[in-house]
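Worksheet: one structure, shown below.
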Amino acid sequence: MPCFELLLQHLHSHPQRLHQIHAVLITTGFHLASPPRALLPIRQGSSAVFFYNCLIRACLRHRDQPDTSLRLFAQMLAHGVRPNRYTFPSLLKAAAGDAASSPSSGRAIHAQAVRRGLLLDDFTNCSLVDFYARVGDLGSARKTFDELPQPDLASRNSMLHALCVHGDLAAAIALFESMVDGNVISWTSLINGYARNGEFHEAIDLFRRWIIQKDVPLRPNEAMLVSVLSACANLDHNRALFRGLEIHGFIVRNEAPLTGFVGTALIDMYSKHGHLDYCTDVFQATREKEVCTWNAMISALARNGRAASALQLFDAMTASRLRPNHVTFVAVLTACAMQKLVDQGLRWFESMSTEFGVVPLMEHYGCVVDLLGRAGFLKEAMEFIRRMPFEADASVWGALLGACKVHENVQLGDGVGKQLIELQPWPAGLYMVLRNIYAGAGRWDDAAGMKKALQNSGIKKPTGYSWIVSGDCV
DNA sequence: ACTTAAAATG
């Protein structure tokens, strides 16, 4: 196998070729074969570490090869190649993105890092904290972090993000406020933490606080803009629209580039507040449209009663080389449901997997049930649920229930309601739909029972919330 | 020559 020597030399002069080389190695199954035979020529020495580090890094781009990074790591140990400080950050990142990873694989890597004396390396520590948080073990992330004598800014930002993701906002705020050297990433993490935990006002306020910081050179930052705009989109209040408009103005004034993601966030924000004309403007002004930008615009049209235009835009999207994803098809099926285009909707549902390779998720089944149900094909919707490849969840039954309500089919609605009783916990809107069905049929006792059940469940009924309007996928 | 922290559409 002297070819590996050649490969290594080639890598020295053409590092950008790494991905091609890695792809070839994967497809030929080389580095997955038993260790000693396949990679014999690169046993020890500094170039071997470099080679492994590069390959492990390449795993980050090849998502389709699960646990390859861990195999590579095991293999390098088996070869007696010693991992160094460049090894662990990539390894941990790759392992965290691997669905099969668990805290225990992290602990094995962690132990190796300790053995290699890398606990003084900021990069490795930061990656460890991040890894534990990403595989859902906040306790270990916290413990690792707390044991660092002097965590650097990146490690603190990692911890901050971890706390936000796991919903421990109090601890996140405490950490944030203790940081005198917080940077844009720290601010973005907490703004996003507020937003994803439903504290939209706080997210917007923190963004404004950041703007007021005069001594910091304000370079508008894409992640921060996206986070705060999504807070404006999700806040169901007129004030939120004005805040969104302000931020849009801020973007224009500061000549922040209207990237695909910022454009997406703006379209979504205007769409949720019913300003379809602004959505169109932003969509046109966004130069490099991402798939999500198209999705946001298609949903905006569908949501604001322009289903035909939504379907036209979907055609335009497929006509360009972009690949629609599962979100695209939620939007398309929603548009079909609103226009009662049953045949067309069913055709798209069929072709999404056969033609576009997008496997339908629960949401898509919910959309089809909504599509059939709205058009009055209640029996067919029921039949469709029976033939689903997996158990329908509350959102799917809820779509059918909504249709029962619209078409005043108390008998089926009653049956569906009984089905739903099996599925806990109920979404808040469900109680009200059931109540209305019973009330519409004059079954006041049952209706009152539902209202009582809602109160007992302790769920707050969101104001202005309607199961029917929000559609198929609640 | 190889390493760390933030973001979105349903």
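What follows is calculated from the coordinates using simple rules that are stated; it is not laboratory data. Quantities reported herein were computed from a predicted structural model and do not represent experimental measurements. So basically every Cβ, Gly included, is an ideal-geometry build from the backbone, and we count neighbours across all protein chains shown.
So how far apart, in nm, are the two label points at A:ILE211 and A:SER47 if each is 7 Å from Cα heading toward Cβ?
Label-label distance for A:ILE211 and A:SER47, simple model: 5.7 nm.
Rounded, prolate or oblate: pick one for the range A:274-375, where a ≥ b ≥ c are the square roots of the eigenvalues of its C-alpha gyration tensor, a/c under 1.5 means rounded, and failing that, prolate if a/b is larger than b/c, else oblate.
oblate
Mind checking the full-extension length gain between A:ASP281 and A:ARG71? Use 0.36 nm per residue of separation minus the Cα-Cα distance, one decimal, nm.
Values: separation 210, 0.36 × 210 = 75.60 nm, distance 4.92 nm.
Difference between extended and current length: 70.7 nm.
In straight Cα distance, which aspartates and glutamates are under 12 Å from A:LYS93, not counting same-chain residues fewer than 8 positions off?
Reachable aspartates and glutamates: A:ASP67, A:ASP130.
Could you sort the peptides A:130-137, A:320-327 by per-residue average Cβ neighbour count (10 Å cutoff), highest mean leading?
With the highest mean Cβ count within 10 Å placed first, the list reads A:130-137, A:320-327.
Could you give the nm distance between label points at A:GLU288 and A:LEU245, where each point is 7 Å from its Cα heading toward the beta carbon?
About 3.1 nm separates the two model spin labels.
Provide, in order from the shortest bin, the percent of all Cα-Cα pairs of the range A:196-351 in each 5 Å bin, continuing until the bin that contains the maximum pair distance.
2, 9, 18, 21, 17, 14, 9, 6, 3, 1, 0, 0
By how many nm would the segment from A:ALA319 to A:HIS201 lengthen if fully extended, with 0.36 nm per residue of separation less the alpha-carbon distance?
My answer for the length gained is 38.5 nm.
Classify the range A:74-127: rounded, prolate or oblate, from the alpha-carbon gyration tensor (a ≥ b ≥ c, eigenvalue square roots; a/c under 1.5 rounded; otherwise prolate if a/b is larger than b/c)?
Values: a/c = 1.66, a/b = 1.15, b/c = 1.44.
It is oblate, given that a/c is not under 1.5 and a/b is not larger than b/c.
Given the peptides A:87-93, A:355-361, A:373-379, A:146-152, arrange them by the average over their residues of other C-beta atoms within 10 Å, most packed first.
With the highest mean Cβ count within 10 Å placed first, the list reads A:87-93, A:373-379, A:355-361, A:146-152.
Once you have all Cα-Cα distances for the range A:297-356, histogram them in 10 Å bins from zero and send the whole-percent values.
25, 61, 14
Would you mind listing how long the range A:88-221 runs along its three principal axes, going by Cα atoms, in whole Å with the largest first?
Projected onto its principal axes, the Cα set of the range A:88-221 covers 46, 29, 23 Å.
Find the relative contact order for the range A:60-155 and round it to a whole percent, using C-alpha pairs within less than 8 Å whose residues are 6+ positions apart.
26 percent
On a straight-distance basis, which aspartates and glutamates could pair with A:LYS289 in a cross-link, Cα separation under 16 angstrom, same-chain partners fewer than 8 positions away excluded?
Filter leaves A:GLU222, A:ASP268, A:ASP281, A:ASP315.
To the nearest whole percent, what portion of all C-alpha pairs in the range A:183-283 is separated by more than 18 angstrom?
Tail fraction, whole percent: 40.
What aspartates and glutamates could a cross-link reach from A:LYS272, if we take a straight Cα to Cα line under 12 Å and drop same-chain neighbours fewer than 8 places away?
Partners within reach: A:ASP236.
Just report the Cα centroid separation between the range A:68-125 and the range A:251-288, whole Å.
If we compute the Cα centre of each part, the gap is 41 Å.
Under a crude label model (7 Å from the Cα following the beta-carbon direction), how far is A:GLU408 from A:GLU391 in nanometres?
3.6 nm
Within 14 Å, Cβ to Cβ, of A:LEU169, how many net charges do the neighbouring residues add up to if Lys/Arg are +1 and Asp/Glu are -1?
Net charge around A:LEU169: -4.
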